[in-house]
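Encoded as structure tokens, the structure appears first; notes follow it.
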Amino acid sequence: MNCSLLNIKKMEDYINMRILIIALAGIGDLVMATPTIKAVRNKYPESEIDLLVFPYGGKEVLEGSKYINETHIFVDRTHTLTKKKPSIFNFLKTLFLLFKLRRKRFDLSISVHPSASVRLGFIAKIINAKMRIGFESKYYTNIIKLKQLHKVERNFKLLEPLGIKITDKKLYFHISKENEEFAENFLGNGLFVGMHPGGYWKRELKKWPLERFAKLATILNKKFGAKILVFEGPSDKGDYQKIEEYMEIKPIIVKTSLKNAAAVIKKCSLFISNDTGMMHIAEAMDVPTIDILGWADLDSGPYYEKNKKLLAWKKLPCHGPNCKVFISGGICNPTCNFECYTEIKAEDVFKIAKGVLK
């Protein structure tokens, strides 16, 4: 295509575009962007649609699905498990990737939330698609104003310049028949309750105490005979061992690929989690989900109304703009006692779970 998309009035006439979805955020953020990505594919079914993601799970969300042609991995020091500065080799590899994407001459790039930063906008500029849609950065050709909406709904705003209407708001995570067979062989039959006591983001800043997960697991086992599944991700090393020490029963530890884990979650009657990517995967699998939200904003929590009603959350005076978790510069406040988590008791969450399992 030789002419700029900025001058095209009827974009629907162009069905063989090269499109890049830039999703440089967490796994949960990508899951929340899937309704938007599905809408783009449905609008341009013959186009080549690529995806740019961070490592550690992002690739698995849509890999193998009809919505994406190719996934590219972008590595930086913020989104690695070690937090160490990438080696010169990895730095050059990432730089080569950006210029490789630039040479593909994309017609359109869409930077899904959260992409309202100068740095992420600059990455889109380096790749230099003819039309670049994103939030509040001068490097986009079409700048979308951020609004106080759930993250899923915010991404819908990115489609307005394209004239795309959202008809399917369902979250999505791609699993195969092989993944489902793994889950069947791994679990067999029974009443299963999944738990994710870990979480990648800032390690300890978005976690309900492990001993409360353990107490809740014991209550659910005694009251309903539920088999408790504890999910462990790459950044959760040690959490499942600690929770076992607190528990009166032996849980089933799920330590496998993200796609297999998603298939296992699908077999659960209930999923209980910190506000993590696993929680959003559970929503995508249509499993009733209790999100222990803590200090995080409601617009990043569960999307489905049925799960919003299951939210484990305490409204405190320090929530929102008055949050004490951080001090200046984004540094964790050592004086914060995390009342937003400690005020939530195991019995509080059990009352919510009881309404699902009864």
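Values quoted throughout were computed directly from the atomic coordinates according to the rules given, and no laboratory measurement underlies them. Remember, predicted model here, so these are calculated numbers, not experimental data. Every residue, glycine among them, receives a Cβ derived from its backbone with ideal geometry; neighbour counts consider all protein chains shown.
About its Cα centre, what dipole magnitude does region 177-357 give when the only charges are +1 on Lys and Arg Cβ and -1 on Asp and Glu Cβ, stated in debye to the nearest 20?
For this selection, approximately 320 debye.
For a protection proxy built on the mean count of beta-carbon atoms within 10 angstrom, sort 264-275, 132-143 highest first, please.
264-275, 132-143
Be a star and scan region 217-236 for residues whose amide nitrogen sits under 16 Å from the point 7 Å along the Cα-to-Cβ vector of Leu357.
217-231
Please work out the FRET efficiency for the pair Lys66 and Glu244, using the Cβ-Cβ distance as r and a Förster radius of 41 Å; give the result to the nearest 0.05.
After rounding, the FRET efficiency stands at 0.55.
Consider the candidate values [x] 67, 48, 41; [y] 77, 44, 34; [z] 59, 57, 41; state which one is Cα extents along the principal axes in Å computed from the structure displayed.
[x]
For region 338-344, what does the Karplus curve 6.51 cos²θ - 1.76 cosθ + 1.60, with θ = phi - 60°, yield as ³J(HN,Hα) per residue in whole Hz, taken in order and with x for Gly and Pro?
So the Karplus estimates, Gly and Pro as x, are 6, 4, 4, 9, 5, 6, 8 Hz.
At 0.36 nm per residue, minus the direct Cα-Cα distance, what do Ile166 and Cys318 gain on full extension? Give it in nm, one decimal, please. Spell out each step's value before the answer.
Details: separation 152, 0.36 × 152 = 54.72 nm, distance 3.57 nm.
Answer, rounded to one decimal: 51.1 nm.
Write down the radius of gyration of region 217-345 and its Dmax, each obtained from C-alpha positions, in Å.
Reported Rg and Dmax, both Å: 15.9, 47.
Residue by residue through region 308-316, which ³J(HN,Hα) values in whole Hz follow from phi under the Karplus form 6.51 cos²θ - 1.76 cosθ + 1.60 (θ = phi - 60°), with glycine and proline marked x?
Rounded to whole hertz, the list is 4, 6, 9, 4, 9, 7, 10, 7, 10.
Could you please state, rounded to a whole Å, how far the C-alpha centre of region 237-303 is from the C-alpha centre of region 114-182?
If we compute the Cα centre of each part, the gap is 25 Å.
With each pseudo-label sitting 7 Å past Cα toward Cβ, what's the Glu178-Lys147 distance in nm, one decimal?
For the pair Glu178/Lys147, the computed spacing is 4.3 nm.
Hey, can you rank 46-54, 104-112 by average C-beta count inside 10 Å, highest first?
The peptides rank, most packed first, as 104-112, 46-54.
Suppose R0 equals 41 Å. What FRET efficiency, 1/(1 + (r/R0)^6) with r the Cβ-Cβ distance, do Glu48 and Glu305 give to the nearest 0.05?
0.70
How far apart, in nm, are two points set 7 Å out from the Cα along the Cα-to-Cβ line at Glu343 and at Thr94?
3.8
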